[in-house]
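The structure appears right after this line, and notes come after that.
The values are calculated or read from the model by the stated rules, or taken from the named source; none is laboratory data. The structure presented is a predicted model; accordingly, all values stated were derived computationally and were not measured. Every residue, glycine among them, receives a Cβ derived from its backbone with ideal geometry; neighbour counts consider all protein chains shown.
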Amino acid sequence: MRISVVVITYNWPTALALVLKALARQSELPYEVIVTDDGSREETRELLARLAQDYPCRLVHVWQPDDGARMSRARNRGIAAARGDYIVLLDGDMVTERHFIADHRRFARQGCFIQGSRVLLDEGNSRRLMDQGDTEVGFFTPGIERRRHTLRLPWLAGLYAKPSQRTKGIKSCNMAFWREDLIRINGFNEAMTGWGREDLELAIRGLHAGLWRRDVRFSALAWHLYHRSRKHDRRDNPNDAVVEATRATRAVRCTLGLEQHLAEFAVPPRALTDGQGSRSS
């Protein structure tokens, strides 16, 4: 199977550079990396143009105008542009361990989606990695949270990967689906804008459609660069009501989703690594 990594970004090219560097150092390269951009300024395009000169796999930039936080739309456009059979969703501040892609391949199963984990870095460690271009974090690195997620123990990971229907702890920062399953449930719900819950709502519809969740612990490791969390910015998040409606109606598909972008990307977007650039809007 061909693995596409869809990386969402917005105006943080320093973090994105490190994320892409880590993906370029993988023990098993993905088929392609799609950088789906929710309206970043010119610095991000310039960064990608530089990296594309010697990037080791297909690198595509899919951009949309900045019109508020439209993460669902950005991710859907990245998925529509992807040509892999399997989609790994990654945030633009998630730096991957060198076996990340190989581990996702190992745990992929038909009829399932993967929920990965993350290590939370403090501000000092995040700045050090970005300043030095370092992608390595270890168990004894000071100033990290969820230290156990630095341990890569494939033999133990299998014990945690039993299929379940749980919805707790859903995070699209490290998540993977078969592309055909995302098309079947119409991808992310674009009626959900602003911060949060769009990943949970997607997972709930996937479970309604008959998919199973597999948690990957001690494999597919990634380090989350520090930034101020928006989790508690709005206690009355309107996206909560969408999640509850999806649960109550046992919805499988959303109305405003992935399908509206498939025609635009029916012809694969040209990759930056082909020397022609690909900056769709």
Selection from the stretch 79-97 of residues under 18 Å from Ala15 (Cβ atoms) and not aliphatic (A, V, I, L, M) yields Asp91, Gly92, Asp93, Thr96, Glu97
Based on what the data block shows, is Ser219 modelled with pLDDT of 95 or more and surrounded by fewer than 16 Cβ atoms within 10 Å (Cβ to Cβ)? no
Collect the residues in the stretch 194-216 that are part of a helix (DSSP H, G or I), surrounded by fewer than 22 Cβ atoms within 10 Å (Cβ to Cβ) and charged (D, E, K, R), keeping them in residue-number order. Asp199
Which one is nearest to Ser72 (Cα to Cα) among residues in the stretch 224-240 that are at pLDDT below 95 and not in a loop (DSSP other than H, G, I, E, B)? Asn239
Which residue pairs have Cβ atoms closer than 7 Å, lie 6 or more positions apart in sequence or on different chains, and pair a first residue in the stretch 255-272 that is under 22 Å from Met192 (Cα atoms) and of a type in the set (Gly, Ala, Ser) with a second residue that is outside any loop (DSSP other than H, G, I, E, B) and modelled with pLDDT of 95 or more? Gly257/Asn76
Name the residue that is farthest from Phe100 (Cα to Cα), counting only residues in the stretch 26-53 that are of a type in the set (S, T, N, Q) and assigned to a loop (DSSP other than H, G, I, E, B). Ser40
Quick one: in the stretch 130-140, which of the residues that are in contact with a Ser or Thr (Cβ under 9 Å, 6 or more places away or on another chain) and within 17 Å of Gln26 (Cβ to Cβ) is surrounded by the fewest Cβ atoms within 10 Å (Cβ to Cβ)? Thr135
Looking at Leu16, Leu48, Leu29 in this structure, which one is out of contact with any Asp or Glu (no Cβ under 6 Å at 6 or more places or on another chain) and surrounded by fewer than 22 Cβ atoms within 10 Å (Cβ to Cβ)? Leu29
It is to be established whether one or more residues within the stretch 185-192 are touching a Lys or Arg at 6+ places or on another chain (Cβ under 8 Å), hydrophobic (A, V, I, L, M, F, W, C) and at pLDDT 95 or above. yes
Of the criteria (1) under 30 Å from Trp155 (Cβ atoms); (2) more than 15 Å from the chain's Cα centre (by Cα); (3) not in a helix (DSSP H, G or I), which one Ser4 fails: (2)
Here the residues within the stretch 105-132 that are under 21 Å from Gln165 (Cβ atoms) and within 15 Å of the chain's Cα centre (by Cα) are Phe113, Ile114, Gln115, Gly116, Ser117
Okay, strands (runs of 3 or more DSSP E) sitting entirely in the stretch 54-154 with 1 or more residues that are touching a residue at least 12 places away in the same chain (Cβ under 8 Å) and of a type in the set (Lys, Arg), I get 58-63
